[in-house]
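Structure first, then comments.
The values are calculated or read from the model by the stated rules, or taken from the named source; none is laboratory data. Please read all numbers here as calculations on a predicted model, not as lab measurements. Cβ: placed from backbone, ideal geometry, glycine included. Neighbour counts: every protein chain shown. Remember, those area values only see protein heavy atoms, side chains included, never the ligands or the DNA or RNA. Shrake-Rupley method; radii C 1.70, N 1.55, O 1.52, S 1.80 Å.
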Amino acid sequence: MKKQIAWILSFLMLAQMAVPNDVIAAPETAQVLSPENSVYEIPISPNVDYNMNLDWKFAIPEEKAWPLKDARESMKVDGKEFFEVGYDDSMWESVSVPHSFNGNELFDNLASGQGDAQLTRCITFYRKHFSVDPEHAGKKMLLEFEGVRQAAYLWVNGQFAGYYEAGVNAFGFDITRFVKTDGSDNVIAVALDNTTGRGMSEYMSETKPGSEPGSSDGTGYEWNSNEFNPTVGGLTRDVILHVKSDVYQTLPLYNNLKTTGTYVYGQDIDPKNQTATISVESEVRNESASAETLSLEVAVVDQEGNLWYRFEAEQPVVVEVASDKGVTFERMVPDDAYDASPMPTDTSTVEVKKIIASAKVEDIHLWSTKDPFLYDVYSILKDGEEVLDVTKTTTGFRKVEAKGGTDGGIFINDERVWLTGYAQRATNEWATVGAVPAWLHDYDMSLV
């Protein structure tokens, strides 16, 4: 029991520490907003998100070659590498993602160690053909992977775009410079390494800065075994192409984009009187040719589409052109990571401007474990009356406290709550499942 309470307190302290230091406190608002109870019409945004889950091609090299350099060599066809535009992938398997190619092996030879006898812990390859309508010419192309197992190396139209080697987290790449927007064929090519540090003589490690990506000459991954990170390899989460104008709200993808996205939070929550202050912090990036004077409008909508609250930032904000516009990141490991005395970890973002809108509201429907009520919060970036970007954040608002003593514990909305549940991992060791879709996670939670 003591261990459980200590863990919960540690978690809550970490959650507090995770709040950005530069968040501006919500201003005092004279007006208290009541629910409007009207059907909300979502503003039309010039930006769009494309579901990239369908129509991938997949292959495993017969030789199970390793490391990446050798695996690439083994996949050559008529002298072409797997990532080249003219490569013949017609014989590859057609799949959709989320995709795990070896989930059925996880419980083979269980006595040897929770699936460590898996044969298909290796480097695998994916390709996807897609086209972009000319109406998107000149826009930003941000490719998001919600998760892979374990390292991903990306090429777009035959050009190397970057890599990420801790793939249980979401990450993204700015592929604007590679994508053709004339309606012709584009090719995304991904190599994945799901080798593991137990039961194998050779397995993935981090790439040292300056080495060829996939060299595995750096430090090993800390939890790279089936007990902590099941080796169900593949594109195990959704893939999304975000098409944005050159003035936009950023994505919550620090990995390889160095942006933190839109932050929605509640303050001064009073469960008895059903009041709270809702704040929306929008991270805006200007990669256009000139400074822009922008405003932020917020709409809080329930799951039935009814508008509860609408408010704006107190005044428009001038967003200068980013001095680092067009910057991209091939990797996240800093240049001096392996030096004897590396610099402190840098968590700064690219050049952005934060616009904050806040309002005190009444009759708020709070989230609780018995009533997990959620809102859709729309943050709308505008230039005058022109809508530049719309971001939707689905969230709930609740007051949480941790109290010590014999009458202490966790209190949600001033009511003592006994927390139950279990740890869901980035991949799931259910036999034959592997990559678990969102609805199945929801079903798990309903069983708990």
Considering only residues that are without any contact (Cβ under 8 Å) to a residue 60 or more places away in the chain and charged (D, E, K, R), which ones fall in the range 213-254? D217, E222
Residue set T231, T181, T236; condition modelled with pLDDT of 95 or more and of a type in the set (S, T, N, Q); output residue T181
So V352, is it of a type in the set (A, V, I, L, M, F, W, C), more than 30 Å from Q303 (Cα to Cα) and either touching a strand residue (DSSP E or B) at 6+ places or on another chain (Cβ under 7 Å) or at pLDDT 95 or above (or both): yes
Of residues in the range 192-205 being assigned to a loop (DSSP other than H, G, I, E, B) and open to solvent by less than 50 Å² (accessible area, probe 1.4 Å), the one farthest from A65 (Cα to Cα): G197
Test of understanding: among E314, E330, E281, which residue is within 23 Å of E386 (Cβ to Cβ) and either in contact with a strand residue (DSSP E or B) (Cβ under 6 Å, 6 or more places away or on another chain) or of a type outside the set (D, E, K, R) (or both)? E281
Can you run down the residue pairs with Cβ atoms below 7 Å, 6 or more apart or on separate chains, where the first is in the range 325-349 and farther than 17 Å from P209 by Cα and modelled with pLDDT of 95 or more and the partner is open to solvent by 60 Å² or more (accessible area, probe 1.4 Å) and in a loop (DSSP other than H, G, I, E, B)? T349/T260
Within the range 173-190, identify whether any single residue is among the aromatic types (F, W, Y), under 23 Å from W66 (Cβ atoms), crowded, with 18+ Cβ neighbours inside 10 Å and within 18 Å of the chain's Cα centre (by Cα), and answer yes or no. no
For the range 50-84, name all the residues that are under 26 Å from the mean Cα position of the chain (by Cα) and either part of a loop (DSSP other than H, G, I, E, B) or on the phi > 0 side of the Ramachandran plot (or both). M52, N53, L54, D55, F83
Return yes when T262 is within 27 Å of T349 (Cα to Cα), crowded, with 18+ Cβ neighbours inside 10 Å, β-branched (V, I, T) and in contact with a Ser or Thr (Cβ under 6 Å, 6 or more places away or on another chain) and no when it is not. yes
Would you pick out the residues in the range 318-338 that are over 19 Å from L143 (Cα atoms) and of a type in the set (D, E)? E320, D324, D335, D336
Pairs, first outside any loop (DSSP other than H, G, I, E, B) in the range 29-48, second open to solvent by 100 Å² or more (accessible area, probe 1.4 Å) and modelled with pLDDT of 95 or more, C-beta under 9 Å, six or more apart: L33/R310; V39/E304
Test: R127 is open to solvent by 40 Å² or more (accessible area, probe 1.4 Å), basic (K, R) and over 16 Å from N102 (Cβ atoms): no
Go through the range 85-104 and count every residue that is open to solvent by 60 Å² or more (accessible area, probe 1.4 Å) and part of a loop (DSSP other than H, G, I, E, B). 4
May I ask you to list the residues in the range 267-297 that are more than 20 Å from T349 (Cα to Cα) and within 22 Å of the chain's Cα centre (by Cα)? S279
Being of a type outside the set (D, E, K, R), more than 30 Å from S184 (Cα to Cα) and in contact (Cβ under 8 Å) with a residue 12 or more places away in the chain is the requirement here; does A65 meet it? yes
Do we find a residue being more than 30 Å from E386 (Cβ to Cβ), among the aromatic types (F, W, Y) and open to solvent by 30 Å² or more (accessible area, probe 1.4 Å) anywhere in the range 56-65? no
So A423 ticks every box in (1) modelled with pLDDT of 75 or more; (2) within 30 Å of I278 (Cα to Cα); (3) out of contact with any Asp or Glu (no Cβ under 9 Å at 6 or more places or on another chain) but one. Which box is left unticked? (1)
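A quick yes/no check of all residues on (1) open to solvent by 10 Å² or more (accessible area, probe 1.4 Å); (2) polar (S, T, N, Q); (3) outside any loop (DSSP other than H, G, I, E, B):
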site	(1), (2), (3)
P209	yes, no, no
P213	yes, no, no
E222	yes, no, no
T236	no, yes, no
V243	no, no, yes
N255	yes, yes, no
K258	yes, no, no
